[in-house]
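Just below is one structure, and these are the notes that go with it.
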Amino acid sequence: FLLPKREVAILHHRGVPAERKDIIDRVALGQLGSLQIELIVPGPAPSTYQEFLARGGQGLHHYGYLTDDFDAARTNAMACGMTAVTEGGSQLTRFSYLEAHDAPAGTVVELVEATPAMTAFVATVAQAHEGWDGNQPVRHL
């Protein structure tokens, strides 16, 4: 699926409110069993994506987790030594990209609040891929 271009409502990068909120220029979603795959073209807003590319990043950028208790998961991650790099909120959910001080450069974990709207969105993508026969490889959401 190709998602329409949109800005997040709230964006902070390294603790500083971002003037621009276009963190993602384009995103395509796919599903493999219970694993959702995002192919992301970063937007110009400051973000962990921009830092990843500036380091010559290739391959996997982050692992994402839906959580029913976003605040507790974020607090726990920070207590374990992780740093919030890019955080914000959209019309669907809140998110936080975190990195560990002692992890290899580019190792990022994304926490996503499992709001009813976000959970429904993830389910919609998963259901659309069940039994997909390979026709219409590019679909718009």
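The values are calculated or read from the model by the stated rules, or taken from the named source; none is laboratory data. The model shown is predicted, which means the values in this text are computed figures rather than measured ones. Ideal geometry is used to build each Cβ from the backbone, glycine not excepted, and the neighbour counts take in all protein chains shown. Quick note on the areas: whole protein, heavy atoms, side chains included, nothing else; ligands and nucleic acids left out. Shrake-Rupley method; radii C 1.70, N 1.55, O 1.52, S 1.80 Å.
For SER96, what is the net charge nearby, where nearby means another residue's Cβ is under 14 Å from its Cβ and Lys, Arg count +1, Asp, Glu -1?
-3
Separation of the stretch 17-37 and the stretch 50-71 by C-alpha centroid, Å?
First find each Cα centre; the distance between them is then 10 Å.
Tell me the angle of helix 70-79 to the major Cα principal axis of the chain, expressed in degrees between 0 and 90 and rounded to the nearest ten.
Rounded to the nearest ten degrees, it is 40.
Select from the stretch 81-141 those GluC sites (Glu not before Pro) which occupy a DSSP coil region and have at most 15 other Cβ atoms within 10 Å, ordered by residue number.
Hits after loop and neighbour filter: GLU130.
What do you get for GluC sites (Glu not before Pro) in the stretch 5-64 restricted to DSSP loop and a cutoff of at most 16 other Cβ within 10 Å of the site's Cβ? Display every interim value, and only then the final one.
Values: sites: GLU7, GLU19, GLU38, GLU51; in loops: GLU7, GLU19.
Listed in order of number, the matching sites are GLU7, GLU19.
Under the classification rounded if a/c is under 1.5, otherwise prolate if a/b is larger than b/c and oblate if not, where does the stretch 1-79 fall, given a ≥ b ≥ c as square roots of the Cα gyration tensor eigenvalues?
Here the stretch 1-79 falls in the rounded category.
At 7 Å along Cα-to-Cβ for each site, give me the label-to-label distance between TYR63 and ILE10 in nm.
Simple spin-label model gives 2.7 nm for this pair.
With a 1.4 Å probe and all protein chains in place, put VAL108, VAL122 in order of accessible area, largest first.
Sorted descending by solvent-accessible area, the residues read VAL122, VAL108.
By how many degrees, between 0 and 90 and to the nearest 10, does the Cα long axis of helix 116-129 differ from the longest principal axis of the chain?
Once rounded, one gets 50 degrees.
If you split all Cα-Cα distances of the chain into 5 Å bins from zero, what percentages do you get per bin, shortest first?
2, 9, 17, 23, 21, 16, 8, 3, 1, 0
How about the stretch 49-137: which trypsin sites (Lys or Arg not before Pro) there lie in a loop by DSSP and see at most 10 other Cβ atoms within 10 Å?
Counting only loop positions with at most 10 other Cβ atoms within 10 Å, the trypsin sites (Lys or Arg not before Pro) in the stretch 49-137 are ARG55.
Using the Cα centre of the chain as the reference point, and only Cβ charges (+1 on K/R, -1 on D/E), how large is the resulting charge dipole? Debye, rounded to the nearest 20.
Dipole magnitude for the chain comes out near 360 debye.
Of TYR49, ALA77, ALA120, whose Cα points farthest to the positive end of the dipole of the chain (charges on the beta-carbon: +1 Lys, Arg; -1 Asp, Glu; origin at the Cα centre)?
Going by the charge dipole, the pick is TYR49.
Given only helices, namely DSSP H runs of n ≥ 4 each adding -39500 (n - 2.57), what is the per-residue ellipticity at 222 nm of the chain, to the nearest 500 deg cm²/dmol?
Numbers: 3 runs with 31 residues, N = 141.
Per the formula, -6500 deg cm²/dmol.
Relative contact order for the chain using alpha-carbon pairs under 8 Å, separation at least 6, rounded to a whole percent?
27
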